[in-house]
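This report refers to the structure that appears directly beneath it.
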Amino acid sequence: MRKSPPTPPLHTDPHYHTPDPLPFNFRDDVNWKIFRIMSEFVEGFQFLAELKNEITFFGSARFNEQNEYYREAHRLATMLGKEGYTIITGGGGGIMEAGNRGAYETGAESVGLNIQLPLEQRTNQFVKRGMGFHYFFTRKTMLSASAQAYVFFPGGFGTLDEFFEIIVLIQTGKTEKIPVILVGNDFWQPLLSWIHDIVNEHVHAVEQEDESLYTLVDNAHDAFEIIKKSKERKYF
């Protein structure tokens, strides 16, 4: 018969104190992280459900008011705001501020979906309605969830990441084909030429028709003309 392991001896020292258990850290527990992720998705979709005619702006947070792309983003948002469109941005500075500012100044709905960072990204003053996210991927989902057009101004790695993710979703049929507009020939044309010359014609990693998933324009007016033809949609 198998013997049970011996019971540890009891401490007889009256001054002995059993160590307190380590406090439970919710932030490090995978199960609680899942609930946090779920809550961001639920709250995010509920937040978006009340909006209509959404246009999402992407671009660098580093541009100031004197930057040509800031001014072009502000110009486009102003044109859209006067027509009753909702402008959605990442809620920060630069292009995001310019987009929210144009909507705010015309009395249109100005929405910011911000991200919580160790060095906190401030929400710009022109956001009328906002929501903060802990996870980048939940925020990215909300930025792409229901817009009827996506407008990409020049930006860094984050902007490029968001651009390629949207293109992949459309290319693979995970979302319907909607306008993806790139503003700024000087910035975008070298990248598009590389996609055509290397990715398409040299290594044949994409098809010719994939290059029709986005449209390059050089000013707010041309972007506005494309957006006017877009249709409202609900979630992917």
Inter-label distance, nm, simple model (7 Å from Cα along the C-beta direction), ASP218/LYS234 = 4.2 nm
Measuring from label point to label point, each 7 Å out along Cα→Cβ, what is the VAL203 to ARG71 span in nm?
-> 3.9 nm
Just need the relative contact order of the chain here, percent rounded to a whole number, with Cα pairs under 8 Å and 6+ apart.
-> 18 percent
Positive-pole candidate from GLN66, TYR135, TYR214, dipole of the chain, charges at beta carbon = TYR135
Percent RCO, i.e. relative contact order, over region 24-99, from Cα pairs under 8 Å lying at least 6 residues apart | 34 percent
Could you tell me which of the pairs LYS33/LYS82; LYS33/LYS229; LYS140/LYS231 are separated by over 32 angstrom between their Cα atoms in the structure shown?
-> LYS33/LYS82; LYS33/LYS229
Rank the residues SER60, SER193, SER110 as a footprinting-exposure proxy: fewest other Cβ atoms within 10 Å of their Cβ go first.
-> SER193, SER60, SER110
With each run of n ≥ 4 DSSP H residues scored as -39500 (n - 2.57), what mean residue ellipticity at 222 nm is computed for the chain after dividing by its residue count and rounding to the nearest 500 deg cm²/dmol?
-> -12000 deg cm²/dmol
D_trans [Stokes-Einstein, Kirkwood Rh over alpha-carbon pairs] for the chain, 20 °C, 1.002 mPa s, µm² s⁻¹ | 107 µm²/s
Which of the aspartates and glutamates could be linked to LYS228 by a straight reach, that is with a Cα gap under 19 Å, when you skip same-chain ones fewer than 8 residues away?
-> GLU54, GLU72, GLU83, GLU109, GLU176, ASP218
Could you give the dipole magnitude of region 123-211 about its Cα centre, charging the beta-carbon of Lys and Arg +1 and that of Asp and Glu -1, in debye to the nearest 20?
-> 760 debye
For VAL111, VAL151, VAL217, what's the fewest-to-most ordering of other Cβ within 10 Å of each Cβ?
-> VAL217, VAL111, VAL151
Unit charges on C-beta of K, R, D, E only; dipole of the chain, Debye | 920 debye
Pick out, from HIS204, GLY112, PHE157, the residue whose Cα sits farthest towards the positive end of the charge dipole of region 52-228, with +1 on the Cβ of Lys and Arg and -1 on the Cβ of Asp and Glu.
-> GLY112
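We did not get these values from a lab; they are worked out from the coordinates using the rules stated. What you are looking at is a predicted structure, and each value in this text was computed from that prediction instead of being measured. Cβ: placed from backbone, ideal geometry, glycine included. Neighbour counts: every protein chain shown.
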